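Everything on this sheet refers to the single structure shown next.
The values are calculated or read from the model by the stated rules, or taken from the named source; none is laboratory data. Just so it is clear, the structure is predicted and the values come from calculations on it, not from any experiment. When we count neighbours, we look across all protein chains shown, and the Cβ atoms used for this are built from the backbone with ideal geometry, even at glycine. Side chains are part of the model used for accessible areas, which takes the heavy atoms of the whole protein and leaves out ligands, DNA and RNA. Shrake-Rupley method; radii C 1.70, N 1.55, O 1.52, S 1.80 Å.
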Amino acid sequence: MALAIRALALIPVLWAFAVGEPPYLGGDWGAFHEWAKGILSGAGMLADGLPTAEYTPLYPLFIAGVYAAAGVSPWAVLTAQTVLGALACPIVAAAAGKLGGGCGGTGGAGRRCAAVAGLLYALYPPFIKAEHLVMTEALYVFWVIVCLWVLARLDRRFSWGGMALLGLVGALGSLTKPSLAIFPVVCGAALVVRGWARRKDFWEPTGKGLVLALAFAAVLSPWVVRNYGIFGRFVPLGTEGGAVFYDGVHLKDGWKPGFRTKDAVTARAARIASEPERSAFLMGAGLKKIASEPSRLPRLLAVKALFFWSPFDWEIFLGGTYSFGFVFLLPFAVCAFLKRRPGDGMSRDDSWRASALWPAWGIVIYYFLLGIAFIGSPRLRLPAEAGILILAALGIVLF
């Protein structure tokens, strides 16, 4: 059903290509298009004729793979993303089923949670729309969803293979968009500490943590080595972090996040040839601005926190829109933490414990903290909506 809905939604986009009126494909789609062609030609990712690490490589590699298989056309990329989005549906269902069936509920509760989560995902407009744009979120949300599924399994069975898979998926997600990088590492460390406490054994949990770290590092290493050869310094992911942080300190008109800042500092940064040095300069300039005007910080954080939870979307949907789907999910997500009434063969104690739902609410808190540290925009919140969706599915079953 997820595939059928996405295919129907893609028809107007493909029709626009057919009649010679290409639709809006996202603000960065041209850069991804050029990088994909550069990868196919052997030139690699270039900016102004020089190798770049402004973006991480996996999404351009994904587009290059589609181009190699189906020809250089954006509609082929959108079709591939439609299939990828549909594949994420059973993974969302499986993650919700693990949490719903393993947190005090019965097997039947887990199946109901899985069915509701799959239905919500199949119908959720922001995910569908993101898959019809040439933007990293189309692939990035997939990795976030797989990561949540792996964590739901690890919560029930702390296995060697699960930790290796978490490192693999975490690295692939980080190579798609660097903002995921900290989450799997923190979650893996927490699982190791819990393993120490539960098993009273140091070596086995530690070994599993090392497996995660090795898998994570092994996937990142080719990109790190490539960047060291180009820039002569350690660049684990991208070089856009400083610019994003500086933009988060200087909101447009003092309250609009998600827009690039253009001032004397950014003009000076543009003259720095090295991307890592440019990023470090902008990061330092942002920190100096906060240190020089600490009284601005509470209002700045409040504005970014407010926009993170805002139902208005001005990035994914062209022209802006009100996200009815996001507003629908929120109250049911809260219901996931309520106590169940006795009945249906279950007692009041059968409600899902908040601590056992940590993969779902943990990803939401993680992106919220990133939002107030950088920019709390709809694109940053979109992967967190996977966690909100799973919580909403549990809440609907409870409700």
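For M1, what accessible area in Å² do you get when you roll a 1.4 Å probe over the heavy atoms of the protein chains, rounding to the nearest 10?
We get 130 Å² for M1.
Taking H placed 1.01 Å from N in the peptide plane, check which residues at least 5 places from D28 or on another chain put their amide H under 5 Å from its amide H.
none
Could you work out the relative contact order of segment 179-326? I mean the mean sequence separation of Cα pairs under 8 Å and 6+ apart, divided by the number of residues, in percent.
14 percent
Extending each Cα 7 Å along its Cβ direction at L84 and R353, get the distance between those two points in nm, one decimal.
3.7 nm
Counting only residues 5 or more places away or on other chains, whose amide H sits under 5 Å from the amide H of K252 once H atoms are built in the peptide plane?
Those qualifying (amide H under 5 Å, at least 5 residues apart or on another chain) are F259.
Would you mind calculating the gained length between K289 and D48 on full extension (0.36 nm times residue separation, minus the Cα-Cα distance), in nm to one decimal?
Once the chain is fully extended between K289 and D48, it gains 83.8 nm.
Could you let me know the centre-to-centre spacing of segment 52-131 and segment 3-19, using Cα atoms, in angstrom?
What the calculation gives is 18 Å, centre to centre.
Each residue of segment 291-299 in order: what ³J(HN,Hα) in whole Hz does its phi give by Karplus 6.51 cos²θ - 1.76 cosθ + 1.60, θ = phi - 60°, with x for Gly and Pro?
5, 7, 10, x, 5, 6, 4, x, 5
Extent of segment 1-103 along each principal axis, from alpha carbon coordinates, in Å, largest to smallest?
Sorted largest first, the three principal extents are 53, 36, 25 Å.
Computed from the mean reciprocal separation of all distinct C-alpha pairs, what Kirkwood hydrodynamic radius does the chain have, in Å?
When all Cα pairs of the chain are included, the Kirkwood radius is 22.3 Å.
Using the charge dipole of segment 75-224 (Lys, Arg: +1 at Cβ; Asp, Glu: -1 at Cβ; taken about the Cα centre), state which of V116, P205, A215 has its Cα farthest towards the positive end.
Result: P205, furthest along the dipole toward the positive end.
With just the Cα atoms of segment 243-341, tell me how far they stretch along each of the three principal axes, in Å, largest first.
62, 32, 26
Select from D247, D48, D201 the residue whose mean-square fluctuation is largest in a Gaussian network model of the chain (Cα-Cα springs shorter than 10 Å).
Among D247, D48, D201, the largest mean-square fluctuation in the Gaussian network model of the chain belongs to D48.
For a test of understanding, tell me how many lysine pairs in the chain have Cα atoms under 22 Å apart, given they are 8 or more places apart or on different chains.
Counting lysine pairs in the chain gives 18.
If you average the sequence gap of Cα pairs under 8 Å that are 6 or more apart and divide by the length of segment 25-118, what percent do you get for the contact order?
17 percent
For a Förster distance of 22 Å, can you work out the FRET efficiency between the beta-carbons of L3 and S159, rounded to the nearest 0.05?
Efficiency, rounded to the nearest 0.05: 0.10.
Please work out the Cα center distance from segment 227-244 to segment 255-273, rounded to the nearest Å.
Using only Cα atoms, the two centres lie 18 Å from each other.
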